[in-house]
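Notes to accompany the following structure.
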Amino acid sequence: MSILALDQGTTSSRAILFGDDRAPGRIAQKEFRQHFPRSGWVEHDAAEIWETTLATAKEALAGETAAAIGITNQRETVIVWDEDGTPIHNAIVWQDRRTAELCRTLRYEGLEEAVTARTGLIIDPYFSGTKLAWLLDNVDGARARAEAGKLHFGTVDSWLIWNLTEGRTHATDATNACRTMLYDIHEGAWDEEICARLGIPLTMLPDVRASDADFGETRLFGGTIPIRGVAGDQQAATLGQACFRPGMMKSTYGTGCFALLNTGAEPVRSDNRLLTTIAYQLGDEVTYALEGSIFIAGAVVQWLRDGLKIIEAAPEAAPLAETADEGQRLILVPAFTGLGAPHWAPEARGALYGLTRNSGPAEIARAALESVGYQTADLMEAMRADWPEMGETVLRVDGGMSASGWTMQFLADILGAPVDRPVVQETTALGAAWLAGQAVGAWPDQEGFAEAWQLDERFEPQMDAPVRDERRAAWADAVARTIR
């Protein structure tokens, strides 16, 4: 039976109809506008998010029906709407930094320890809580209406569910709730103290359900289709990669990079400023993960193309890098918007080390691609330090950059660990489809899905350990210089 996956991202909405063979069939995609009202502010038109999602769903179905719908979405983006479904403001996107001052105030007040202990997160504008507080404080009448129970808050999944069910269901799943900075991942409930500090009425928050729970049904496509799978995009990719066992790890290389390590039934508190998060919740069983975020991955290739103009298209980067002079070893620290985990240096800016008169486009391209490997190695090292039980692991990869065999080979070399690329690259949508498919009995359970996962290519490390250690040390020195 077919399963419809709705993949609502930061720049476009996509719908993929997976067939009986669990392979992606019809795919529809529509981009939507990005709004930048001020420096550091990023907004979306919530109505446009819904309109593009609805349009792509209809196009992918093409008059057919599906056994169930699975939803995956950009995380942390905030939407608030009235009882009649009208948004009170544009959606505030996860990239938005307008609440930086509020976050500084909360840290000064000493709230971060409680936030980290309960939510697994750090206090940062990235997460939903302070964005929601900003809306209540800055939209006329919003706080009074919220306190009167007349407003609804949701991340993008909740907004889509509300519209798909025509207002009958106001709900989210645990993977999205845990990214709000308002959800206690140990108790499985909204945290009343944190909500009170931010002035957020509990009545406006959605019901939190398991990732494979019943989220209602939609009647918008000529029949009745249940919504039975919901997960934030990075958690959905973890499911799509069948990372069900503790110690399994996936890394998605898009504009940035997000690595998740399955740590099992017990949350692991990070001493290296990684995030403790919910990987997924099936029924009453919660599985946790450590997460590390790299701000610049595929974006470094866009810089080669659009900024330096040394390539015309992304696939040209790796062939160019292969021609680099082996006698030169440039290091690029791509801190164009600061450095993410485990450094968390938002004020750092990019730097290129080791330039000579003979350095040219090939050497810079190689340094750009290698920077992604070095950053991933930093994340894996931090994860191993936080959770020694991790041991040796294989990294499963997906996203645009994983198509480059050269880049994936360097990744394996600098990690000193195998890197597996799957046959199906639509892992985010596949994860959402699996949640919905197994919930209605159309797709296999965890064990069966894991057995069906197919390897496209494994990249085994070929770099000698002394060379790896030397290059990692040079990278660490470059990062330290950049942060200073």
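Laboratory data are not the source of any read-out in this text; all were calculated from the coordinates shown. Note that this is a predicted model, so its numbers are computed, not measured. Don't worry about glycine lacking a Cβ; one is built from the backbone with ideal geometry, like all the others, and counts go over all protein chains shown.
Please figure out what share of the DSSP beta bridges in the chain is antiparallel and state it in percent, rounded to the nearest 5.
Antiparallel: roughly 70 percent of the beta bridges in the chain.
Would any residue of region 264-278 have its amide N under 20 Å from a label point 7 Å out along Cα→Cβ of Arg197? List them or say none.
269-278
Any idea what the relative contact order of the chain is, in percent, if you count C-alpha pairs under 8 Å spaced at least 6 apart?
Relative contact order, the chain: 14 percent.
Return the percentage of antiparallel bridges among DSSP beta bridges fully within region 125-279, rounded to the nearest 5 %.
Around 75 percent of the beta bridges assigned by DSSP in region 125-279 are antiparallel ones.
Can you give me the pair-distance distribution of region 350-484, C-alpha pairs, 5 Å bins, whole percents?
Using 5 Å bins, I get a P(r) of 2, 8, 15, 17, 17, 15, 10, 7, 4, 3, 1, 0, 0 for region 350-484.
Give the distance, in whole Å, between the Cα centre of region 212-235 and the Cα centre of region 28-95.
First find each Cα centre; the distance between them is then 15 Å.
With the cut-off at 1.5 for a/c, could you classify region 178-313 from its C-alpha gyration tensor as rounded, prolate or oblate?
Note, shape of region 178-313 comes out prolate.
Taking Cα pairs under 8 Å and at least six residues apart, what relative contact order does region 3-232 come out at, in percent?
Relative contact order, region 3-232: 20 percent.
Can you tell me which lysines have their Cα less than 22 Å from the Cα of Lys150? Leave out same-chain residues fewer than eight positions away.
Answer for Lys150, where 22 Å is the Cα cut-off: Lys131, listed by chain and number.
Give me Tyr183, Tyr108, Tyr288 ranked fewest to most by other Cβ atoms within 10 Å of their Cβ, as a rough exposure proxy.
Ascending number of Cβ neighbours within 10 Å: Tyr108, Tyr288, Tyr183.
Can you give me the C-alpha center-to-center distance between region 382-405 and region 329-348, rounded to a whole angstrom?
Comparing the Cα centres of region 382-405 and region 329-348, I get a distance of 19 Å.
Using the Karplus equation 6.51 cos²θ - 1.76 cosθ + 1.60 (θ = phi - 60°), what ³J(HN,Hα) coupling, rounded to whole Hz, does each residue of region 89-99 give in order, writing x for Gly and Pro?
6, 4, 5, 9, 7, 4, 6, 5, 10, 5, 9
Taking the Cα atoms of the chain alone, what are Rg (to one decimal) and Dmax (as a whole number) in Å?
Using the Cα atoms of the chain, the pair Rg, Dmax is 22.0, 68 Å.
Under the rule of at least 5 residues apart or a separate chain, name every residue whose amide H is placed under 5 Å from the amide H of Val424.
Residues meeting the amide H criterion: Gln454.
Compute the FRET efficiency between Asp82 and Trp406 as 1/(1 + (r/R0)^6), taking r as their Cβ-Cβ distance and R0 = 35 Å, and round to the nearest 0.05.
That pair, Asp82 with Trp406, gives E of 0.10.
Could you pull out every residue, at least 5 positions away or on a different chain, whose amide H is within less than 5 Å of the one on Glu217? Hs are placed 1.01 Å off N in the peptide plane, and Pro or chain starts have none.
Those lying under 5 Å, H to H, from Glu217 are Ile227.
Just to confirm the filter: which trypsin sites (Lys or Arg not before Pro) across region 1-103 are DSSP coil and have at most 13 other Cβ within 10 angstrom of their Cβ?
Answer in residue order: Arg33, Arg38.
All other residues with a Cβ under 14 Å from the Cβ of Ile414 taken together, and with Lys, Arg as +1 and Asp, Glu as -1, what is their net charge?
Net charge in that neighbourhood comes out at -3.
Report, ordered by chain and residue number, the lysines lying within cross-link reach of Lys58, taken as a straight Cα distance under 30 Å and ignoring same-chain residues fewer than 8 apart.
Reachable lysines: Lys30.
Considering the Cα positions of region 3-232, please state its Rg to one decimal place and its Dmax as a whole number of Å.
Rg then Dmax for region 3-232, in Å: 17.4, 56.
Can you pull the one-decimal nm distance between simple spin-label points at Asp214 and Lys309, each 7 Å off the Cα toward Cβ?
Taking the two extended label points, one gets 6.0 nm.
With a Förster radius of 45 Å, plug the Cβ-Cβ distance of Glu31 and Glu101 into 1/(1 + (r/R0)^6) and report the FRET value to the nearest 0.05.
With a Förster radius of 45 Å, E is 0.90.
Taking only C-alpha pairs under 8 Å that are 6+ residues apart, what is the relative contact order of region 245-316 in percent?
Reported relative contact order: 29 percent.
Just rank Asp214, Asp233, fewest to most, by other beta-carbon atoms within 10 angstrom.
So the ranking, lowest neighbour count to highest, is Asp214, Asp233.
Between Ala144 and Glu51, what FRET efficiency comes out of the Förster formula 1/(1 + (r/R0)^6) with R0 = 35 Å and r the beta carbon distance, rounded to 0.05?
Once the sixth-power term is evaluated, E becomes 0.75.
Quickly work out the Ala473-to-Glu392 label distance, labels modelled 7 Å from Cα along the C-beta direction, and quote it in nm with one decimal.
The modelled label-to-label distance comes out at 2.4 nm.
Using θ = phi - 60° and the Karplus curve 6.51 cos²θ - 1.76 cosθ + 1.60, what whole-Hz ³J(HN,Hα) does each residue of region 318-335 get, with Gly and Pro shown as x?
5, x, 5, 4, 5, 8, 5, 5, 5, x, 10, 9, 7, 10, 9, 9, x, 8
Determine the percent antiparallel among the DSSP beta bridges restricted to region 3-232, to the nearest 5.
Counting only bridges with both partners in region 3-232, antiparallel ones make up about 65 percent.
Can you give the helix-only mean residue ellipticity at 222 nm for the chain, where every DSSP H stretch with n ≥ 4 adds -39500 (n - 2.57) and the sum goes over all residues, rounded to the nearest 500 deg cm²/dmol?
Mean residue ellipticity, 222 nm, calculated: -10000 deg cm²/dmol.
Filter the GluC sites (Glu not before Pro) in region 27-136 to those in DSSP coil with at most 15 other Cβ atoms within 10 Å of their Cβ, and list the result.
Glu64, Glu83, Glu109
Under 5 Å between amide hydrogens, which residues at least 5 positions from Ala341 or on another chain qualify, with H placed 1.01 Å from N in the peptide plane?
Ser293
Report the net charge of residues surrounding Tyr280, where surrounding means a beta-carbon distance below 10 angstrom and charges are Lys +1, Arg +1, Asp -1, Glu -1.
Summing Lys/Arg as +1 and Asp/Glu as -1 gives -3.
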